[in-house]
Amino acid sequence: MNIADPISFHVGELPLLISIPHAGTRLTPAVEAGLSDAARPLSDTDWHIPRLYSFAKDMDASLLVGNYSRMVIDLNRPSNDQPLYTTATTGLFPETLFDGRPCFKPGQTPSDSERQRYLDAIWQPYHQQLQQELDRLKARFGYALLLDAHSIASVIPRLFEGQLPDLNWGTNDGQSCASSLSERLIACCQQQTTFTHILNGRFKGGYITRNYGQPQLQQHAVQLELAQLNYMSETEPYEFSAGKAQTLQGLLKQLVGSMILWGRQQESISH
């Protein structure tokens, strides 16, 4: 089977790339045939994230979206599948759902050779495009900003206690971006009272944030994990809620705008 169009990419005119690795729902025949009944609804998808961030295209940011489901391969894990969290997590090729139920029927996980193909034909193109775009932005602006955009159900007892804050920022404990950038984003969150927020709580940033967030090289990366109840139904069929989403999008626009403004201020300081 030919793996076509593993990514969707929009080139913008701003020094910002928004990466969306987990919104894809495409499956390969081997994965589709082997999925357990529990995994078939693709509950662990970052549902509707491209739609939620559609305003960013109008702002002229670059957008990179993975088209295949994380049930095939997880684009936010290292290619060597080293664990990122000491707590419960899922790997490069998930074997369990977030709630702990198996992803595949017994004996029906894709073969090693099949999975190597996913690495070559899905994971690699995403990361090549990501680095290529960051390089292009740095060559043009002298720096690059990366927002790794995610969402997750607001209550998953296996992964975290209680209900997740609405906006979960991750900077790998301050290592993936300049502290003044994360301070700017948190200050923006503090100016409103509708949504709760936290910095480096349960979600500190996955592989993309940790690998590409290199402030010493003028690459500043942040991860934003959104609680899904603020823009969609968290039960099947996981419908988008335009009314709720509008309020959240208003804040997201401000946050993206504040990232851009922060970058311009750094630019003027360095000149």
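With 22 Å as the limit on Cα-Cα distance, the pairs of K204/K244; K57/K138; K138/K204 that go past it are K204/K244; K138/K204. Between R101 and E267, the distance separating the two model label sites (each 7 Å from Cα on the Cα→Cβ line) works out to 4.9 nm. The magnitude of the dipole of the range 1-117, with charges of +1 and -1 set on the Cβ of Lys/Arg and Asp/Glu and taken from the Cα centre, is near 180 debye. Remark: the chain carries a charge dipole of roughly 320 debye about the Cα centre, counting +1 on each Lys and Arg Cβ and -1 on each Asp and Glu Cβ.
Heavy atoms only, 1.4 Å probe, whole protein assembly: order K204, K57 by accessible area, highest first.
The ordering from most to least exposed comes out as K57, K204.
For I3, the accessible area of its heavy atoms, probed at 1.4 Å with every protein chain present, is near 20 square angstrom.
Charge tally around R158: other residues with Cβ under 15 Å, Lys/Arg +1 each, Asp/Glu -1 each, net -2. For mean projected area of the Cα convex hull in nm², the value computed from the atomic coordinates appears in the list (i) 14.6; (ii) 18.7; (iii) 13.8 under label (iii).
Would you mind calculating the gained length between F55 and Q124 on full extension (0.36 nm times residue separation, minus the Cα-Cα distance), in nm to one decimal?
So the extension gain works out to 22.1 nm.
Ligands, DNA and RNA are left out, and with a 1.4 angstrom probe the accessible area of the range 160-271 is 46 Å² per residue.
In units of the rule-of-thumb radius 2.2 N^0.38 Å, the range 1-158 shows an alpha carbon radius of gyration of 1.08. Taking 7 Å steps out from each Cα toward its Cβ at S241 and D37 produces label points 2.9 nm apart.
Pairs of Cα atoms under 8 Å, at least six residues apart: use those to get the relative contact order of the chain, whole percent.
Here the relative contact order equals 21 percent.
For the range 32-124, relative contact order (Cα pairs under 8 Å, six or more residues apart, normalised by length) works out to 37 percent.
Of S233, M259, Q249, which is farthest along the charge dipole of the range 220-271 in the positive direction, counting Lys and Arg as +1 and Asp and Glu as -1 at C-beta? Checked the options; the winner is M259.
Between the Cα long axis of helix 179-190 and the first principal axis of the chain there is an angle of about 80°, rounded to the nearest 10. Please sort by residue number the chymotrypsin sites (Phe, Trp or Tyr not before Pro) in the range 79-174 whose DSSP state is loop and whose Cβ has at most 13 other Cβ atoms within 10 Å. Passing both the DSSP loop test and the Cβ count: Y85. A 1.4 Å probe over all protein chains sorts K138, K105 by accessible area into K105, K138, starting with the largest. Taken along the Cα-to-beta-carbon direction at a fixed 7 Å, the label points for N80 and Q216 span 1.9 nm. Residue ranking by accessible heavy-atom surface, 1.4 Å probe, largest first, among D166, D120 comes out as D120, D166. Just the protein heavy atoms count here, and of the accessible area of the range 4-67 at 1.4 Å, carbon and sulfur take up 50 percent.
The values are calculated or read from the model by the stated rules, or taken from the named source; none is laboratory data. Predicted model only: the values in this text are computed from it and were never measured. Because the Cβ atoms are built from the backbone with ideal geometry, glycine has one as well, and the counts that use them run over all protein chains shown. Accessible surface is based on the protein model in full, side chains and every heavy atom, while ligands, DNA and RNA are left aside. Shrake-Rupley method; radii C 1.70, N 1.55, O 1.52, S 1.80 Å.
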